[in-house]
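Read through the structure below, which is laid out as structure tokens, and then see the notes.
What follows is calculated from the coordinates using simple rules that are stated; it is not laboratory data. Here the structure is a predicted model, which is why all the values come from computation and not from measurement. So basically every Cβ, Gly included, is an ideal-geometry build from the backbone, and we count neighbours across all protein chains shown.
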Amino acid sequence: METSTIRSALAIQCLPLGFPDRERTWAAVDRAIASIEATGLSYTVGPFETVLEGPLDRLLEAAAAAHRALLESGAPTAATYMKLWSGQGIGSSEEKTGKFRAAGH
């Protein structure tokens with residue numbers, strides 16, 4: 001199977017470590033999210049992780065860009081945690097969470 005066409009979902013948590021205050025920490029996370037935005041992929045930001053959807057290759061490129069963004073923000077250390085799901089019939093984030101969001105959750 002060609003990896004550029006495999007439908008996938010990626011949950012990613014980018015953690016800049018070593019900043020002395022939460023403002024710089026959050027600014028670094030904002031920069032990582034901006035790098036995800038720049039990919040043009042579908043994504044949803046949550047309080048602990050961001051979920052992206054799209055072709056496998058593009059998701060992996062987006063993850064690398066987000067991790068680099070942490071380092072480029074000046075973070076002394078960066079950790080990125082990922083959960084990756086690929087294949088046919090995996091469904092979309094909207095299909096999985098839409099009813100909860102519609103109910104205000």
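Okay, here's what the table says:
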| read-out | value |
| --- | --- |
| Extreme residue, positive dipole direction of the chain, given options Ala103, Tyr81, Leu70 (C-beta unit charges) | Ala103 |
| Likely footprinting exposure, Tyr43, Tyr81, fewest C-beta neighbours within 10 Å first | Tyr81, Tyr43 |
| Rough spin-label spacing in nm, given labels placed 7 Å along Cα→Cβ, for Glu2 and Arg24 | 4.6 nm |
| Helix axis angle, 22-37 relative to the chain longest principal axis, alpha carbon, degrees | 40 degrees |
| Whole-number percent relative contact order across the chain, with pairs defined as alpha carbons under 8 Å at least 6 apart | 42 percent |
| Euclidean distance of C-alpha centroids, region 1-34 and region 46-105, integer Å | 7 Å |
| Longest to shortest principal axis, alpha-carbon extents of region 7-102, angstrom | 43, 30, 20 |
